[in-house]
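**Q** Mind having a look at this structure? Questions to follow.
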Amino acid sequence: MFLKLLLLFTLVPVIELWLLIRVGAMIGAEYTILIIILTGILGAYLVKRQGLGLFRKINLELNEGQFPGDAILEGVTLFAGGLLLVTPGFITDFTGFIIVIPYTRKLIVSIIKKYLEKRFGPSTRIEPL
């Protein structure tokens, strides 16, 4: 696990930096910086908009006496996508946008749920009082 994290936190920034330099050499530093700023702004807007929708969904499920497990997991995934979008770089932006798109995010959440169920066992339903 330590080796995977070490590779993640060293290789990804190196590749991102290499890509930024290459793109900057091709289209110019100003346009490269503009792309980074615009993807950050767009990402923050999308995450805020979808996050508010998820917040409403969580409140609705709680008011109905249901545990909003799926919505919470989707919110955590959306937050991770938002972090990737405000991180400068093309790979992180691409990954962040994939996570922020609702359809692909639901696919990612279902994969995470399957992993968690396999790792910790099936979830137990909690009945309201």
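**Q** Of the conditions (1) surrounded by 17 or more Cβ atoms within 10 Å (Cβ to Cβ); (2) within 15 Å of the chain's Cα centre (by Cα); (3) of a type outside the set (Lys, Arg), Leu20 satisfies every one except a single condition; which number is it?
**A** (2)
**Q** Filter region 109-129 down to the residues that are at pLDDT 70 or above and within 12 Å of Asp70 (Cβ to Cβ), then identify the one that is surrounded by the most Cβ atoms within 10 Å (Cβ to Cβ).
**A** So the residue we want is Val109.
**Q** Also, I was wondering about something else. Of (1) more than 23 Å from Leu116 (Cα to Cα); (2) buried (at least 17 other Cβ atoms within 10 Å of the Cβ), Lys48 satisfies all except one. Which?
**A** With (1) more than 23 Å from Leu116 (Cα to Cα); (2) buried (at least 17 other Cβ atoms within 10 Å of the Cβ) applied to Lys48, the lone miss is (2).
The values are calculated or read from the model by the stated rules, or taken from the named source; none is laboratory data. These figures come from a predicted structure and were not determined experimentally. For neighbour counting, all protein chains shown are included, and Cβ atoms are generated from backbone atoms with ideal geometry for every residue, glycine included.
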